[in-house]
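The values are calculated or read from the model by the stated rules, or taken from the named source; none is laboratory data. All values reported here derive from a predicted model rather than from experimental measurement. Here Cβ is always computed from backbone atoms with ideal geometry, including for glycine, and neighbour counts include all displayed protein chains. When the accessible area is computed, the model is the full protein with side chains, heavy atoms only, and any ligands, DNA or RNA have been set aside. Shrake-Rupley method; radii C 1.70, N 1.55, O 1.52, S 1.80 Å.
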Amino acid sequence: RVMNKSNYMAYESDILWRRGRQSNMRILIYGAGVIGSLYAVLFSNAGYDVSIYARGYRLEKLRENGLLYLENKRIKKARVKLCSKLSDTDIYDFIFLTVRNNQLKKALRELRTNKSKCIVTMVNNFFDYKELEKIAGKGRIIPAFPGAGGSITDDILDASLTPRFIQSTTFGEITGVKTKRSKYLAQIFKKSKIPYQETRDMHKWQLCHLAMVIPIADAYYEARCAKNVGLEKDIMHRTAKRLKRNFIFLKKDLGEISPWKLNVFIAVPVKILAFALRFLFESSFGDKFMYRHSMKARDEMIRLHREFYGYVLG
C-alpha cells in the first residue's frame, strides 16, 4: 500500500520507538509509598530511566540511603533518580500516580501545566474520569490499578506483586478503546515482568474492586483484635453478607461484574464464603496484601466506604 508523507512519518516514528526508544523511556513515579516504590524497582530493573517524586521524611531517607528493597531476604538498592520539584518542561513518557485517593486531585493540579502527555492513575478511585480530566487535561489520564502489596519497615521496602490469578495490574483507556499508548504501557509491564490485563471499562472495574476491598477493610476496623480478625466468626459472617450484597447490587446496576471471576461472591453461599474468609484473613497473603494496607490507609478506606455506600443507597 502506498503511504502519504504524514502516514509514512508516523510509521517510521513508531518503528524507531520500538527499536530504540523503549529502553531509554523516561518514567516518573509520583509518590514514594509502597506501591510507587515497588513499581519503581521493577521498572528500573527492566532497564527504564526511572525517577521518583517524593517529599518530606520519605524524600530525606531516599536521599540518605537510596531506594532500598528486600529481594530473597537480601537488601538491595534500586537504580532510580530522585526529585522534589517538577518543572513544566520536565517531560516523561509516562507518569505513574501512586498516591492515596484523597491526594489524587491535588497531584493532578500540580501536573496540570506539565507537558507530559500520559498520566497513569494507580489509585483506589471513585471519581468520574471526566472530572479528573477537567483538572489534568483531556486525553492525558490512563486509569489503572496496581496488583501489589507490602510495607516499608525501617525505610526498607518489603513488597511484592499479587499472583496473576488473584489480581494483575489492570488498566484501560477511558474511552474503552485500545490505543498506541496503551500498547506501549502493556509492553512496559511485560518487560518489567509485571502481570497485567487491559479492560474496556476501568470505572466499572474500580467499582467492583471497591465492593470487595471495603468490606475487607471494615472487618479489620470492627474487630476486637484486627490482627486476628479471621477468628471472629460473627465478623466473618457479616463480611460475607456484605460482599454478597455489594455484588448483587452491582450486577443489577452495571449489568455485569468486572472481572468476571468476582461473581464468586454472588454464587457461593454465605456460610461457605465466611468459612473461606476466615482462612484468607489468617493467611500470610492476608497479612501482606490486606491487613497492612487496611491499617495504614484507614482514613482513605473510611472515606471510600462513605462514597461507595452513598452510591449504593443513592
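Quick notes on this one:
- Scan of region 151-160 for residues that are under 26 Å from Ile214 (Cα atoms) and surrounded by fewer than 21 Cβ atoms within 10 Å (Cβ to Cβ), ordered by number: Ser151, Ile152, Thr153, Asp158, Ser160
- The requirement of being open to solvent by less than 40 Å² (accessible area, probe 1.4 Å) and under 28 Å from Met301 (Cα atoms) is fulfilled somewhere in region 69-77, by at least one residue.
- The set of residues from region 287-297 being open to solvent by 30 Å² or more (accessible area, probe 1.4 Å), touching a helix residue (DSSP H, G or I) at 6+ places or on another chain (Cβ under 7 Å) and not aliphatic (A, V, I, L, M) comprises just one member, Tyr291.
- Applying a threshold of 6 Å to beta carbon distances and a minimum spacing of six or more residues, or different chains, the list of pairs starting in region 93-119 at a residue that is touching a residue at least 40 places away in the same chain (Cβ under 8 Å) and within 19 Å of Leu185 (Cβ to Cβ) and ending at one that is open to solvent by 70 Å² or more (accessible area, probe 1.4 Å) and among the β-branched types (Val, Ile, Thr) reads Ser116/Ile91.
- Scanning region 263-284 for residues being under 23 Å from the mean Cα position of the chain (by Cα) and open to solvent by 50 Å² or more (accessible area, probe 1.4 Å) gives a total of 3.
- Every residue from region 40-49 that is under 24 Å from Arg292 (Cβ atoms) and either in contact with a Pro (Cβ under 7 Å, 6 or more places away or on another chain) or without any contact (Cβ under 8 Å) to a residue 40 or more places away in the chain (or both): Ser44
- Leading residue by the ranking (surrounded by the most Cβ atoms within 10 Å (Cβ to Cβ)) among those in region 228-262 that are among the small types (Gly, Ala, Ser) and part of a helix (DSSP H, G or I): Ala240
- Pair list, Cβ under 7 Å, 6 or more apart: region 69-88 residue of a type outside the set (D, E, K, R), other residue in a strand (DSSP E or B) and open to solvent by 60 Å² or more (accessible area, probe 1.4 Å): Tyr69/Lys76
- Against the conditions (1) farther than 27 Å from Glu198 by Cβ; (2) more than 23 Å from the chain's Cα centre (by Cα); (3) open to solvent by less than 70 Å² (accessible area, probe 1.4 Å); (4) touching a residue at least 12 places away in the same chain (Cβ under 8 Å), Cys225 satisfies every one except (4).
- Inside region 24-49, residues that are closer than 21 Å to Lys117 by Cα, open to solvent by 30 Å² or more (accessible area, probe 1.4 Å) and not acidic (Asp, Glu) make up a count of 2.
- Selection over region 161-178 of residues that are exposed (fewer than 13 other Cβ atoms within 10 Å of the Cβ) and polar (S, T, N, Q) gives a count of 1.
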